[in-house]
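Asker: Encoded as structure tokens, here's the structure I'll be asking about.
The values are calculated or read from the model by the stated rules, or taken from the named source; none is laboratory data. The shown structure was predicted, so the numbers you read here are calculated from the model rather than taken from an experiment. Counting neighbours? That spans all protein chains shown, and the Cβs are built from the backbone with ideal geometry, glycine included. Accessible surface areas use protein heavy atoms only, side chains included; no ligands, DNA or RNA. Shrake-Rupley method; radii C 1.70, N 1.55, O 1.52, S 1.80 Å.
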Amino acid sequence: MPGAIHAEGLVKTFGDVTALDGVDLDVPEGTVLGLLGPNGAGKTTTVRVLTTLLRPDSGTATVAGVDVLEHPDEVRRSIGLSGQFAAVDEYLTGRENLQMVGRLYQMRARAAKERAGELLERFHLADAADRPARTYSGGMRRRLDLAAALVVAPPVMFMDEPTTGLDPRNRQALWDVIKELVSGGTTLLLTTQYLEEADHLAHDIAVVDHGKVIARGTSDQLKARTGGERVEVVVHDREAVAPARAVLARYGPGGRGPDDVSVEEHTRKLTVPVTGGAKLLAEVIRDLDAVGVEIDDIGLRRPTLDDVFISLTGHAAARAQEDGNGGGLQRKEPAA
Ligand SMILES: Nc1ncnc2c1ncn2[C@@H]1O[C@H](COP(=O)(O)OP(=O)(O)OP(=O)(O)O)[C@@H](O)[C@H]1O
Ligand SMILES: [Mg+2]
């Protein structure tokens with residue numbers, strides 16, 4: 001039985017840009033799929049097709065069992081989309097905006113009022129609730145938009161990078177509301193560049209790159225594919241990077257020799273996938289010491305989804321600028 005969201009072979013080109021290159025997806029009812037990928041991967045285009053805002057060149061999709069291309073109006077009735085359908089009326093207050101959405105969805109006045117009050121509270125907008133939305137800051141407007149999308153719980157919900165631009169406190173608030181929504185039976189497709197977010201919220205993750213789903217599974221399954229743990233070493237000076245790399249290569253999977261070891265020159269950090277756990281660390285320290293490499297830090301860590309992405313695509317991905325939002329994926333420009 002196809003899931004609440006089902007897509008097969010979605011293709012969409014814009015001029016000579018292939019935004020979607022055969023996307024297949026299946027999201028079982030009541031679950032969260034995290035669509036994870038770097039800038040330009042095709043996440044928003046996928047959401048636009050599934051929410052009837054854009055026709056694909058080819059491929060098929062159903063949402064809540066209804067064909068997106070044949071019955072877009074019917075699809076629109078059973079979905080919610082964060083940010084875009086939730087048009088904020090500038091001249092209404094935050095509270096009035098949320099109550100109006102409730103009324104549009106046929107909630108009783110009292111229930112709409114209660115839900116509005118609850119969401120204003122949760123997104124830390126209570127103090128500004130009775131001011132017109134046009135006086136809101138960018139972040140406040142963003143939160144009001146999200147709250148508006150959450151007034152009613154549609155059977156299927158799409159959120160395109162919902163936490164971009166939210167501070168940590170409001171991101172947590174959104175995560176909590178999302179979890180409640182899903183435990184109430186809503187199916188959610190969420191796009192994100194943030195590994196931490198996909199890890200936290202999604203039952204299943206589909207990694208997209210260049211308009212294709214290149215891997216899918218649970219966060220743990222994806223991490224397991226990259227081969228367990230890693231040893232991470234920060235050497236004391238730049239000259240030590242090369243000898244340290246030679247030592248660490250002995251502990252790697254062996255397939256690519258020194259290339260098994262990834263190096264971040266500016267932080268003097270070397271990373272190698274290993275099997276063997278904590279007692280291996282003592283051996284590594286001894287071996288590095290034997291060749292005179294001085295280290296500032298060493299540790300064992302589980303792979304992150306960054307590691308997953310690198311190992312799947314082969315092309316380097318880099319941690320996004322520290323933005324208080326956890327690690328993000330960004331495609332690095334290929335070396336000239
Ligand atoms: N309307 C459009 N006209 C031309 N090109 C487009 C259009 N929409 C998307 N694209 C291109 O399609 C590709 C995929 O874009 P998309 O917006 O789906 O990526 P994304 O994964 O959402 O990226 P981001 O993380 O930056 O939001 C990009 O190369 C983009 O430039
Ligand atoms: Mg996008």
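Asker: Which value does Rg/Rh take for the chain over its C-alpha atoms, Rh per Kirkwood?
Answerer: 1.05
Asker: Excluding ligands, DNA and RNA, what is the solvent-accessible area per residue of segment 5-223 at a probe of 1.4 Å, expressed in Å²?
Answerer: 43 Å²
Asker: Under 5 Å between amide H atoms, partner at least 5 residues away or on a different chain: which partners does residue 269 have, H built in plane at 1.01 Å?
Answerer: The list, which skips near neighbours in sequence, is 264.
Asker: Let me ask something else. Rounded to whole Å and ordered largest first, report the semi-axes of the equivalent ellipsoid of segment 121-219 derived from its Cα gyration tensor (root of 5λ).
Answerer: 27, 15, 12
Asker: OK, next. State the Kirkwood hydrodynamic radius of segment 1-92 in Å, one decimal place, computed from all pairs of distinct Cα atoms.
Answerer: The answer is 14.0 Å.
Asker: Also: Once the Cβ-Cβ distance between residue 196 and residue 297 is put in as r, and R0 is 22 Å, what FRET efficiency do you end up with, to the nearest 0.05?
Answerer: 0.50
Asker: Could you pull out every residue, at least 5 positions away or on a different chain, whose amide H is within less than 5 Å of the one on residue 29? Hs are placed 1.01 Å off N in the peptide plane, and Pro or chain starts have none.
Answerer: When sequence neighbours closer than 5 places are left aside, the close amide H contacts are 4.
Asker: In segment 1-139, carbon and sulfur make up what percent of the accessible area (probe 1.4 Å)?
Answerer: Solvent-exposed carbon and sulfur of segment 1-139 make up 49 percent of the total.
Asker: When you have a sec, figure out the Kirkwood radius of segment 177-320 from all distinct Cα pair distances and drop it here in Å to one decimal?
Answerer: After inverting the mean inverse Cα-Cα distance, the result is 16.8 Å.
Asker: Across segment 60-70, in residue order, what do the Karplus-derived ³J(HN,Hα) couplings come to in whole Hz, using 6.51 cos²θ - 1.76 cosθ + 1.60 with θ = phi - 60° and x for Gly and Pro?
Answerer: 9, 8, 10, 10, 6, x, 10, 5, 5, 7, 7
Asker: Please report the orientation-averaged projected area of segment 229-301, defined via the convex hull of its C-alpha atoms, in nm².
Answerer: The orientation-averaged projected area of the Cα hull of segment 229-301 comes to 4.0 nm².
Asker: Another question, then. Quick one: which of 35-41, 236-242 comes out on top by average Cβ neighbours within 10 Å, and what's the full order, highest first?
Answerer: Highest to lowest by the protection proxy: 35-41, 236-242.
Asker: Moving on to the next point. Spelling out what I want: for every residue of segment 215-221, take phi, set θ = phi - 60°, compute 6.51 cos²θ - 1.76 cosθ + 1.60 (Karplus), and round to whole Hz; glycine and proline get x.
Answerer: Karplus values, whole Hz, x for Gly and Pro: 6, 8, x, 6, 4, 5, 4.
Asker: Counting only protein heavy atoms and a 1.4 Å probe, tell me what percentage of segment 229-301's accessible area is made up of carbon and sulfur.
Answerer: Of the solvent-accessible surface of segment 229-301, carbon and sulfur hold 49 percent.
Asker: Could you tell me, in Å, what Rg and Dmax come out for the Cα atoms of segment 18-155?
Answerer: 16.9, 48
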